[in-house]
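Peer 1: Below: one structure in structure tokens.
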Amino acid sequence: MATDGARPGSPGMRLGELLSDLRTERDAALAGRDRVRDLVEAVASVGRDLHPEIVLQRVVTAATELVDARYGALHVAGEDRPPVEHVPAGEEETARMGHCSLGRDPLGRVMRDARPLRLARVPGRPPADSFLGVPLRVGDELFGALCLIGKRGDADFDQDDEDLIVALATAAGTAIGNARLYEVAHNLGVRLQAGSDMTTRLLSGEGPGDVLAQLTRRMREIADSDTALVFFPVEGGTTLRALISEGVGGLAGGEVGADSSLAGLALRTGDAVVVDDLVGGGYETIRNVPIGPAAAVPLISAGSTHGVLVLGKWSGRVPFAPCTLRMIRSCAAQAAGALELAKARLDAERLHTLEDRDRIARDLHDVVIQRLFAVAMTLMSTVRLVDHPEARGRVRHSVDELDETIRQIRATVFALQGPRALGESGLRARVAELVDDTYGDLGFRPVLRLDGQLDYGVPDDVAEQVLAVLHEALSNVARHAGAGHVWVSLEQSGGQVTLVVEDDGVGLPPGGRRSGLRNLERRAGDLGGSFEVGPRRGGGTRMLWRVPVS
């Protein structure tokens with residue numbers, strides 16, 4: 001009896017089985033060809049960029065999509081940073097559970113054994129979440145590990161998946177190595193340019209404060225941060241004051257505690273400190289500015305601290321990339337070295353000035369005074385030869401003028417040599433030292449002008465008051481003015497000592513004087529003098545303090 005189907009073992013049955021096998025092999029070959037094509041495209045996408053962070057992100061994205069995983073992450077060995085992740089659309093719940101710790105299985109086994117690992121189930125996760133981990137090497141160094149969780153369709157990762165990710169990891173290692181070389185070359189170029197800019201500015205005569213302000217602007221641009229500040233310790237180191245601020249107005253002059261701020265932590269440890277959330281971490285900020293990711297880098301060279309550079313981004317922005325932090329740290333170290341050299345140059349210039357003062361004093365005493373004295377003696381002997389009364393009067397008047405000139409020159413010689421000869425500092429030197437010391441508070445050195453017999457024409461009690469008033473005035477400028485320049489003038493003439501301090505800051509508050517200025521007015525009144533404060537022509541504040549001297 002005839003049947004519709006072929007009998008078992010018949011030629012028709014064998015032909016059907018053969019055709020089915022051929023179709024299966026064809027489908028497998030096509031699928032394999034597609035996966036090879038996908039692998040080639042993944043490798044090409046990984047090597048398409050040289051920025052280290054972009055390369056890492058592309059590695060994770062390519063691996064996740066290549067094996068159709070629901071979550072992918074790349075953990076970098078030896079760096080305290082979150083993993084680089086990729087979450088396909090619709091897999092947010094898987095991503096929420098996807099964070100793996102390097103110290104725990106199964107990822108810990110991948111890092112420890114440095115070989116691929118496949119698991120049908122991840123402990124502590126839903127049954128459908130299989131695991132595939134592959135070590136990632138850069139040269140002979142174990143750079144990190146690729147972690148893939150949960151294959152779509154609830155299937156397990158198979159040997160083909162593992163082979164694809166191993167091949168991708170090999171290509172990724174080369175791409176990461178190239179990105180590292182690019183980072184080194186790029187950072188070197190940035191450092192060289194920053195160093196060249198600083199050197200040019202310092203050699204052109206700009207002060208360290210101006211150079212540091214320019215560096216702060218440059219670091220903010222490099223780091224793509226929203227704020228950049230330089231803090232200096234004040235009040236015995238218990239407080240840090242922001243003397244340079246870039247990006248957000250009104251922060252210069254603000255203060256934070258040394259024990260409660262990120263800048264203080266960097267200063268204590270002597271090393272860079274990085275956080276992902278400054279406010280969330282409980283660190284103090286100026287005016288409660290909502291800073292999220294932040295980095296604090298101390299400017300230290302040869303044991304001297306030139307401040308702390310703090311960079312911050314608004315809350316919600318991505319943290320600073322490790323390559324960016326390495327570049328900032330390198331530039332900060334170079335800047336600290338340049339500032340140390342600038343300080344040494346200023347010290348050398350000051351020593352040269354003192355040597356010039358000694359030389360000028362010797363020339364005045366040994367040459368000028370002696371010649372003037374000889375001229376005066378000649379005129380005195382000539383008086384007897386002059387018969388006309390008016391002519392004799394003019395000669396005597398000229399002799400008196402020469403005597404007064406000699407006295408003034410001798411006073412100048414004493415002013416130039418006196419403090420060093422006495423083994424102590426006169427008012428002139430103490431004022432110059434006080435002004436130099438305000439660099440740490442202001443971030444720059446004020447312009448100083450000194451006139452008159454300050455070392456010998458000002459009583460000690462008045463000199464002490466002058467120093468106290470100057471210190472308080474400059475402290476007020478540092479705390480409140482937000483100034484970029486300060487001018488100090490101290491003059492002794494006409495029986496008075498006059499101190500003028502001007503700045504180009506924000507000026508007096510609308511309500512009138514600051515309370516800290518009342519003390520300056522009281523000091524002037526106690527000595528029978530006067531005190532005035534008001535707006536400076538061109539913007540800022542002008543303070544005048546004047547007292548009589550006997």
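The values are calculated or read from the model by the stated rules, or taken from the named source; none is laboratory data. If you're wondering where the values come from, they're calculated on a predicted model, not measured in any experiment. Methodologically, a virtual Cβ is constructed for each residue, glycine included, from the backbone with ideal geometry; neighbour enumeration extends over all protein chains shown.
Peer 1: Within region 108-130, is even one residue at pLDDT 80 or above, outside any strand (DSSP E or B), in contact with a strand residue (DSSP E or B) (Cβ under 7 Å, 6 or more places away or on another chain) and under 30 Å from PRO293 (Cβ atoms)?
Peer 2: Checked region 108-130: at least one residue is at pLDDT 80 or above, outside any strand (DSSP E or B), in contact with a strand residue (DSSP E or B) (Cβ under 7 Å, 6 or more places away or on another chain) and under 30 Å from PRO293 (Cβ atoms).
Peer 1: Test VAL431 against the stated conditions and say whether it is touching a helix residue (DSSP H, G or I) at 6+ places or on another chain (Cβ under 7 Å) and β-branched (Val, Ile, Thr).
Peer 2: Against the criterion (touching a helix residue (DSSP H, G or I) at 6+ places or on another chain (Cβ under 7 Å) and β-branched (Val, Ile, Thr)), VAL431 qualifies.
Peer 1: Taking region 142-182 only, how many residues are among the aliphatic types (A, V, I, L, M) and not in a helix (DSSP H, G or I)?
Peer 2: Residues that pass the stated criteria total 6.
Peer 1: Looking only at region 315-324, which residues are closer than 20 Å to VAL279 by Cα and buried (at least 17 other Cβ atoms within 10 Å of the Cβ)?
Peer 2: Across region 315-324, the qualifying residues are PRO319, PHE320, ALA321.
Peer 1: Against the condition over 35 Å from the mean Cα position of the chain (by Cα) and in a loop (DSSP other than H, G, I, E, B), how does GLY538 come out, does it pass?
Peer 2: So GLY538 does not fit the description; no.
Peer 1: Can you tell me which of LEU251, LEU202 is assigned to a loop (DSSP other than H, G, I, E, B) and modelled with pLDDT under 85?
Peer 2: After ruling out the rest, the residue left standing is LEU251.
Peer 1: Just to verify a result, which residue in region 486-497, among those that are over 19 Å from ALA429 (Cβ atoms), touching a residue at least 40 places away in the same chain (Cβ under 8 Å) and not hydrophobic (A, V, I, L, M, F, W, C), is surrounded by the most Cβ atoms within 10 Å (Cβ to Cβ)?
Peer 2: Step by step, filter region 486-497, then rank; the result is GLN496.
Peer 1: For LEU212, state whether it is crowded, with 22+ Cβ neighbours inside 10 Å, modelled with pLDDT under 80 and either among the hydroxyl-bearing types (Ser, Thr, Tyr) or outside the structural domain of VAL486 (by TED's automatic domain parsing) (or both).
Peer 2: So LEU212 fits the description; yes.
Peer 1: OK, next. Which is outside any helix (DSSP H, G or I) and either over 16 Å from the mean Cα position of the chain (by Cα) or hydroxyl-bearing (Ser, Thr, Tyr) (or both), of THR324, THR305?
Peer 2: Just a single option satisfies the conditions, and that option is THR305.
Peer 1: Taking the conditions exactly as written (buried (at least 18 other Cβ atoms within 10 Å of the Cβ) and not in a loop (DSSP other than H, G, I, E, B)), does ALA483 satisfy them or not?
Peer 2: no
Peer 1: Please work out which one of (1) at pLDDT below 85; (2) in a strand (DSSP E or B) is the condition GLY133 fails and give its number.
Peer 2: That leaves (1) as the condition not met.
Peer 1: When you scan region 256-269, do you find a residue that is outside any loop (DSSP other than H, G, I, E, B), in contact (Cβ under 8 Å) with a residue 60 or more places away in the chain and touching a helix residue (DSSP H, G or I) at 6+ places or on another chain (Cβ under 7 Å), even just one?
Peer 2: So far as region 256-269 goes, no, none of its residues is outside any loop (DSSP other than H, G, I, E, B), in contact (Cβ under 8 Å) with a residue 60 or more places away in the chain and touching a helix residue (DSSP H, G or I) at 6+ places or on another chain (Cβ under 7 Å).
Peer 1: Quick check on this structure: which one of LEU372, LEU278 is modelled with pLDDT of 75 or more, in contact with a Leu (Cβ under 7 Å, 6 or more places away or on another chain) and assigned to a helix (DSSP H, G or I)?
Peer 2: After applying the criteria, what remains is LEU372.
Peer 1: Are there any pairs, at least 6 apart or on different chains, whose C-beta atoms fall under 6 Å, with the first in region 461-477 and small (Gly, Ala, Ser) and the second surrounded by 21 or more Cβ atoms within 10 Å (Cβ to Cβ) and assigned to a helix (DSSP H, G or I), and if so, which?
Peer 2: What qualifies is ALA463/LEU427.
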